[in-house]
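Handing you this structure, nothing more for now.
Since every read-out is calculated from the coordinates, none of them should be taken as a lab result. The structure displayed is predicted, hence computed values, not measured ones. So basically every Cβ, Gly included, is an ideal-geometry build from the backbone, and we count neighbours across all protein chains shown.
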Amino acid sequence: MREALKVVTERNFQPDELVVEQDAEGEALHLVTTGVVRVSRSSLGGRERVLGDIYAPGVVGETAVLAHQERSASVRALTPVRTLMLHREHFELILRRHPRVLWNLAEMLARRVTFLNDELIAFGQNTEAALTHVFANLYRQRLAAGVPQPEVLPLGTQDIMARTSSSRETVSRVLKRLEAHNILEVSPRSVTLLDLAALEALSFEGAETD
């Protein structure tokens, strides 16, 4: 940490400002020290898919730096964000001097692979399974970050559509079904989890597929 602090550059971003841009050269990673960022990826047809949010403390842009490749996704500030930008040459020097950092990165990336596998299974079932995965993961992120009222998820219908690639009609139908079972409460700009255990215990075997 002492070595890194000598070479990082502090950056500040306002809401909706790009931290990193998809397909740009990945010359530096960002250590997110305050705020929340959103990760999204655009397809060849220009359709944007929201991959998730990252709460401080976190790191973005490390994959492109490690693999010497272009950015695979865009990262945009949702709130005022402060980061410490670390360029590749300095990062590689730290890794050579302190191999334990590389082990920590490997552990973090392994957890991400496991999470993505779970996401693929959930998204391959139906919208209800996909929403359960998104809501439970976002709640845990907010809880770990010490956010007040972590059960109040800042997600409107449009946000959920962008995360699950589902139509407005399908998302509204599933939300109403979950709301009728007192599992969550929906407002125009948020979803409040009322019973996380019930949400995660839902059986999707006979659920309606989309």
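With the requirement that a residue be under 19 Å from GLY52 (Cα atoms) and touching a strand residue (DSSP E or B) at 6+ places or on another chain (Cβ under 6 Å), what does segment 176-207 give you?
Answer for segment 176-207, where residues must be under 19 Å from GLY52 (Cα atoms) and touching a strand residue (DSSP E or B) at 6+ places or on another chain (Cβ under 6 Å): SER190, VAL191, THR192, LEU193.
Please tell me if GLY146 is on the phi > 0 side of the Ramachandran plot and exposed (fewer than 14 other Cβ atoms within 10 Å of the Cβ).
yes
Mind counting the residues in segment 26-47 that are surrounded by 13 or more Cβ atoms within 10 Å (Cβ to Cβ) and either within 21 Å of GLY146 (Cβ to Cβ) or not small (Gly, Ala, Ser) (or both)?
So the count comes out to 13.
To continue, here is another question. Would you check which residues across segment 97-140 are crowded, with 18+ Cβ neighbours inside 10 Å, more than 17 Å from ALA162 (Cβ to Cβ) and within 14 Å of the chain's Cα centre (by Cα) and list them?
Correct list: TYR139 only.
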